[in-house]
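**Q** Here it is: the structure, laid out below.
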Amino acid sequence: MPPPPPDASTDAGTETTPESATESSSADRADVQDTLDLRLPDELIALFGATSGPTSGARSGAADAQTDAHGERPAHAGHIGSVTPRPPGRAPAPSAASSADDLLDNVADWGPATTSAGVFQLVPVRIERDLPLISRWMNDPAVAAFWDLAGPDDVTQAHLRDQIDGDGRSVPCLGVLDDTPMSYWEVYRADLDALARHYPARPHDTGLHLLIGGVADRGRGLGTSLLRAVADLVLDHRAACARVIAEPALRNTPSVSAFLSAGFRFAAEVDLPDKRAALMVRDRALRAVL
């Protein structure tokens, strides 16, 4: 978790509805099917004792995987040299997957997906190439309202660097549609994230955060199409993953609507450090019918 606001809202770009007053004491009682699996995944056991990496959801306020615009900042410096500008309309070449990326089954190798809007591909971020573009998106007021990363380039750089230099549980990517970078995504292991403290996580749950960069791409249902495509990529390439997870702000009605249109179901209301979220779940078992 934009025509609701970004993709971080399925077709819009700003929050327009008041937060629901409905209270839920725990995400654990939201769906009887979402029972807690007490078997710890091997990756989590291996991470015990190590310095925790960046969190994509609960630790920093969680980003909205908004379907048509932006999202809310998930939790996750230094100076870089000059960046060679990329010609408009040219997609960045996929970078080689690192061994750490094995936690997500090598996102760089997932390849393209054909959507109603064109051919779409996730391309892992390279800071020296992509920072100016992503930082510009983060300074769009509609995006900044959710991600809280407005400011000089080094603000966005620190957010990206935490993930790229981490243990591979979160992979920041550009979304490239018909050879044009037009969105920013984070694919992360929800079961290894601080978010797992707030819902009954299962091994290999995979989370999504999303923002649509260009104003012209927001508010027309594009986010919904891309959310469905990326969720399908996750399920196609991560055989151990039974569920794709997102946690848009509950008050962000357009974003929640986008997820529902993309085949996710509403599972619970979840209190995260910086927002009350709608836990959205796309189940592998229901993939053919939703």
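**Q** State all residues of region 149-180 that are farther than 28 Å from Ala117 by Cβ and charged (D, E, K, R); if no residue qualifies, say none.
**A** Across region 149-180, the qualifying residues are Asp153, Asp154, Arg161, Asp162, Asp165, Asp167, Arg169.
**Q** Write out, first by first residue and then by second, each pair whose Cβ atoms fall under 7 Å of each other, whose residues are 6+ apart or on separate chains, and whose first residue, in region 173-194, is closer than 21 Å to Arg238 by Cα while the second is assigned to a strand (DSSP E or B) and among the polar types (S, T, N, Q).
**A** As it stands, the answer is Gly175/Ser183; Val176/Gln121; Glu186/Ser170; Val187/Thr206; Tyr188/Ser170; Arg189/Thr206; Ala190/Thr206, since those pairs meet every condition given.
**Q** If we only count strands (runs of 3 or more DSSP E) wholly inside region 166-215, which ones have 3 or more residues that are modelled with pLDDT under 95 and closer than 20 Å to Ser135 by Cα?
**A** Per the criteria, 206-212.
**Q** Here is a further query. Could you check region 141-165 and list, in sequence order, the residues that are modelled with pLDDT of 95 or more, touching a Leu at 6+ places or on another chain (Cβ under 6 Å) and either among the β-branched types (Val, Ile, Thr) or under 17 Å from Gly214 (Cα atoms) (or both)?
**A** Result: Val155, Thr156.
**Q** Which condition does Thr253 not pass, out of (1) buried (at least 24 other Cβ atoms within 10 Å of the Cβ); (2) among the β-branched types (Val, Ile, Thr); (3) modelled with pLDDT under 95, if it passes all the others?
**A** Evaluating Thr253 over (1) buried (at least 24 other Cβ atoms within 10 Å of the Cβ); (2) among the β-branched types (Val, Ile, Thr); (3) modelled with pLDDT under 95 leaves (1) as the failure.
**Q** Can you say whether Met138 is more than 18 Å from Gly118 (Cα to Cα), among the hydrophobic types (A, V, I, L, M, F, W, C), in contact with a helix residue (DSSP H, G or I) (Cβ under 7 Å, 6 or more places away or on another chain) and modelled with pLDDT of 95 or more, as far as the supplied structure shows? Write out each step before concluding.
**A** On the way: more than 18 Å from Gly118 (Cα to Cα): yes; among the hydrophobic types (A, V, I, L, M, F, W, C): yes; in contact with a helix residue (DSSP H, G or I) (Cβ under 7 Å, 6 or more places away or on another chain): yes; modelled with pLDDT of 95 or more: yes.
Criteria met by Met138.
**Q** Within region 151-198, how many residues are crowded, with 22+ Cβ neighbours inside 10 Å and basic (Lys, Arg)?
**A** Number of matching residues: 2.
**Q** Working only within region 147-162, note down all residues that are closer than 24 Å to Arg218 by Cβ and touching a Ser or Thr at 6+ places or on another chain (Cβ under 8 Å).
**A** The initial filter retains those residues of region 147-162 that are closer than 24 Å to Arg218 by Cβ, namely 147-151, 153, 155-156, 159-160.
Result: Leu149, Asp153, Val155, Thr156.
**Q** Just need a number here: residues in region 163-186 that are out of contact with any helix residue (DSSP H, G or I) (no Cβ under 6 Å at 6 or more places or on another chain) and of a type in the set (Ser, Thr, Tyr).
**A** Matching residues across region 163-186 total 2.
**Q** Also: If Leu290 satisfies every condition in (1) buried (at least 24 other Cβ atoms within 10 Å of the Cβ); (2) aliphatic (A, V, I, L, M); (3) touching a Gly at 6+ places or on another chain (Cβ under 7 Å) but one, which is the exception?
**A** So Leu290 meets the others, but not (1).
**Q** On the given criteria, is Ala267 modelled with pLDDT of 95 or more, in a helix (DSSP H, G or I) and surrounded by fewer than 24 Cβ atoms within 10 Å (Cβ to Cβ)?
**A** Answer is no for this residue.
The values are calculated or read from the model by the stated rules, or taken from the named source; none is laboratory data. Just so it is clear, the structure is predicted and the values come from calculations on it, not from any experiment. Cβ atoms come from the backbone with ideal geometry, glycine included; neighbour counts cover every protein chain shown.
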